[in-house]
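The structure appears right after this line, and notes come after that.
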Amino acid sequence: MILFKKAADITAWLLKSKTAGKKIGFIPTMGALHPGHISLIKASKKAGSISVCSIFVNPAQFNDAKDFDNYPSTIEKDIDALEKAGCDILFLPSVSEMYPAGRMGNAKNYDLGYLETVLEGEYRPGHFQGVCLVVHRLLNIIPADDLYLGQKDYQQCMVIKKLVELENINTTIHICPTLRETSGLAMSSRNMRRTEESQKQALKIFETLSYLKNNSKPGNLTALKQTAIDNLTNAGFKVDYIEIADAGNLDIINHWDGNSKLVAVAAAFLGEVRLIDNMLL
């Protein structure tokens, strides 16, 4: 595996590879890697691409400075995991490399429309602008033919699709299934901040989404969603939202016709750690 820290260096190397007919598969991460991230590397490898992973904890997408400061950093373990997975290239830039003088403070505004007003957009104002800023910058540095994302960040995947459309970026997005522990808990870098006992408690989010999946029927869904919120609150969570939405555009669904594809989405705090998850219904 080759490690690059400078944008100009990795761009030059990858453009030579593309000229030679190689395809580039790209997996952007914030590190603290787990098997979910590694599954994205494997998907890229299976496609026969040069597999590029970036590790960059993006300050522009954190609303809470404490959350940014506490975000886990396990770079040596991450490098070892990437090498074992057969990753070809690691891009490990500094903040100043990603955001040259004044760039972050004078960022453009991305017209994300409705996607930026609901769910994560409502509870984390500015978050998706920060996501778009860093992904746009990364895709300018890394000429990816294919971009691999995890379904766990469902709304973020939709935002990045919108970014690619808005900026006419020539890359194909692949959304890969969420990897879960045997218990059902979605794998997450933030799980590293949890005790074994609190991880068991965190499983209640998966159980709540499963409850919605098993009990959704055509008709009014308001009471079902309220029961899910009550169950999670009674389990010790501070709930930001539990919603059922159209899987294609994230329109909130209160009355289901029985035909449209749905996704259940949840975000809640357990202690100081905010957990998100989703499940296609």
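Could you tell me the center-to-center distance, by alpha carbons, between the stretch 107-184 and the stretch 50-92 in angstrom?
16 Å
Against the longest alpha carbon principal axis of the chain, how many degrees, from 0 to 90 and to the nearest 10, is the axis of helix 7-19 turned?
Orientation of helix 7-19: about 80 degrees from the principal axis.
Considering the convex hull of the alpha carbon atoms of the stretch 103-143, report its projected area averaged over all viewing directions, in nm², one decimal.
3.2 nm²
When only the heavy atoms of the protein chains count and the probe is 1.4 Å, how do Ile253, Ile75 rank by accessible area, highest first? Walk me through the numbers on the way to the answer.
On the way: Ile253 25, Ile75 60 Å².
Ranking Ile253, Ile75 by accessible area, largest first, yields Ile75, Ile253.
Sticking with the crude label model, points 7 Å out along Cα→Cβ, report the distance from His174 to Asp111 in nm, one decimal please.
3.2 nm
Taking Rh as the Kirkwood radius computed over C-alpha pairs, what is the Stokes-Einstein D of the stretch 80-152 at 4 °C in a medium of viscosity 1.567 mPa s, expressed in µm² per second? Write out the running numbers ahead of the final one.
Details: Rh = 14.7 Å.
Rounded to a whole number, D works out at 88 µm²/s.
Name the residue from Ile142, Ile173, Ala228 whose Cα lies farthest towards the positive end of the charge dipole of the stretch 140-281, charges +1 on Cβ of Lys and Arg and -1 on Cβ of Asp and Glu.
Toward the positive end, the furthest listed residue is Ala228.
Count the net charge of all other residues whose Cβ sits under 13 Å from the Cβ of Pro28, scoring Lys and Arg as +1 and Asp and Glu as -1.
Working: positive: Arg137; negative: Asp146, Asp153.
Residues near Pro28 contribute -1 overall.
Rounded to two decimals, what is the ratio between the C-alpha radius of gyration of the stretch 1-159 and 2.2 N^0.38 Å? Let's see the in-between values first.
Values: Rg = 15.6 Å, N = 159, 2.2 N^0.38 = 15.1 Å.
Computed over Cα atoms of the stretch 1-159, the ratio equals 1.03.
Two decimals, Cα atoms only, Kirkwood Rh: what is Rg/Rh over the stretch 1-83? Please list the in-between numbers first.
Numbers: Rg = 14.3 Å, Rh = 14.2 Å.
Over the Cα atoms of the stretch 1-83, Rg/Rh equals 1.01.
Please compute the contact order of the stretch 76-190 in relative form: average sequence separation of alpha-carbon pairs under 8 Å and at least six residues apart, divided by the residue count, as a percent.
21 percent
Within the accessible area of the chain, what % is carbon and sulfur when the probe is 1.4 Å and the other protein chains stay in place?
On the chain, the fraction of accessible area on carbon and sulfur atoms equals 50 percent.
Could you do me a favour and compute the accessible area per residue for the chain, 1.4 Å probe, result in Å²?
With all protein chains present, the chain gives 48 Å² per residue.
For the stretch 27-128, which trypsin sites (Lys or Arg not before Pro) are in a loop by DSSP, counting at most 14 other Cβ atoms within 10 Å?
Arg103, Lys108
When the chain is modelled as a GNM with alpha-carbon springs shorter than 10 Å, which of Thr19, Thr227, Thr117 fluctuates the most?
Thr19
Between Ile244, Ile175, Ile27, find the one with the highest GNM mean-square fluctuation for the chain; connect C-alpha pairs within less than 10 Å.
In the Gaussian network model the winner is Ile175.
Cα axis of helix 127-141 to longest principal axis of the chain: angle in degrees, 0 to 90, nearest 10?
30 degrees
How far is helix 196-215 tilted off the main Cα axis of the chain, in degrees rounded to 10, range 0 to 90?
It is inclined by approximately 70 degrees.
Give, as a single signed number, the net charge of other residues whose beta carbon lies under 12 Å from the beta carbon of Ala47, with Lys and Arg counted +1 and Asp and Glu -1.
Within the 12 Å Cβ shell, the charges total +3.
Highest GNM mean-square fluctuation, the chain, Cα pairs closer than 10 Å: which of Leu147, Leu163, Leu15?
Leu15
Considering only the chain, what is the antiparallel percent among its DSSP beta bridges, to the nearest 5?
Details: 20 of 39 bridges.
Percent antiparallel among DSSP bridges in the chain is about 50.
The values are calculated or read from the model by the stated rules, or taken from the named source; none is laboratory data. Just so we're clear, the structure is a prediction, and the values are computed from it rather than from any experiment. So basically every Cβ, Gly included, is an ideal-geometry build from the backbone, and we count neighbours across all protein chains shown. Side chains are part of the model used for accessible areas, which takes the heavy atoms of the whole protein and leaves out ligands, DNA and RNA. Shrake-Rupley method; radii C 1.70, N 1.55, O 1.52, S 1.80 Å.
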